[in-house]
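Enquirer: Below you'll find the structure I mean.
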Amino acid sequence: MTKLLQEAVALLGTLPEVEQDRAAQVLFAFTRELNDYDLNAEQLAGIDHAIAQADAGMFASDKRVKGIFDRTL
């Protein structure tokens, strides 16, 4: 366990039990999310493509992003 996590756990230990339980539920959910999801080859390729576009400075315009949000909201 890292020092930072140890400090966080120690601080959580000072909270009322109901708050400690809430924090524990968040940590359980966080670890389940990490362990339950595997990316397939297509998803990994998509991420690599997106990173390459970002590295090249290729970002969606504000107008395009607004259009996407307008359609979904």
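Readers should treat all values here as calculations from the given coordinates under stated rules, not as data from a laboratory. Everything numeric in this text was worked out from a predicted model, so none of it was measured. FYI the Cβ positions are ideal-geometry reconstructions off the backbone, even for glycines, and counts take in every protein chain you see.
Enquirer: So, counting K/R as plus one and D/E as minus one, what does the shell of residues with Cβ under 12 Å around residue 26 add up to?
Expert: Result for the neighbourhood of residue 26: -1.
Enquirer: Follow-up question, since we're still on this one. Could you give the dipole magnitude of the chain about its Cα centre, charging the beta-carbon of Lys and Arg +1 and that of Asp and Glu -1, in debye to the nearest 20? Could you put the intermediate results ahead of the total?
Expert: On the way: 7 positive and 12 negative charges, 71 e Å.
The calculated dipole for the chain is roughly 340 debye.
Enquirer: Kindly put 27, 39 in sequence by how many other C-beta atoms sit within 10 Å of each C-beta, fewest to most.
Expert: 39, 27
Enquirer: Treating the angle as unsigned and between 0 and 90°, give the value, to the nearest 10°, between the Cα long axis of helix 62-72 and the longest Cα principal axis of the chain.
Expert: 70 degrees
Enquirer: Shifting gears a bit: Along the charge dipole of the chain, which of 28, 44, 2 sits closest to the positive end, that is, farthest toward it, with unit charges on the beta carbon of Lys, Arg, Asp and Glu (+1, +1, -1, -1)?
Expert: 44
Enquirer: Moving on. Could you put 70, 21 in order, starting from the residue whose Cβ has the fewest other Cβ atoms within 10 Å?
Expert: So the residues, fewest neighbours to most, are 70, 21.
Enquirer: Once you list every other residue whose beta carbon is under 15 Å from the beta carbon of residue 9, what net charge do they have if Lys and Arg are +1 and Asp and Glu are -1?
Expert: -2
Enquirer: Compute the Cα gyration tensor for the chain, then decide on rounded, prolate or oblate, letting a ≥ b ≥ c be the square roots of its eigenvalues: rounded whenever a/c is under 1.5, prolate when a/b is larger than b/c in the other cases, and oblate in all that remain.
Expert: Since a/c reaches 1.5 and a/b is larger than b/c, the shape of the chain is classed as prolate.
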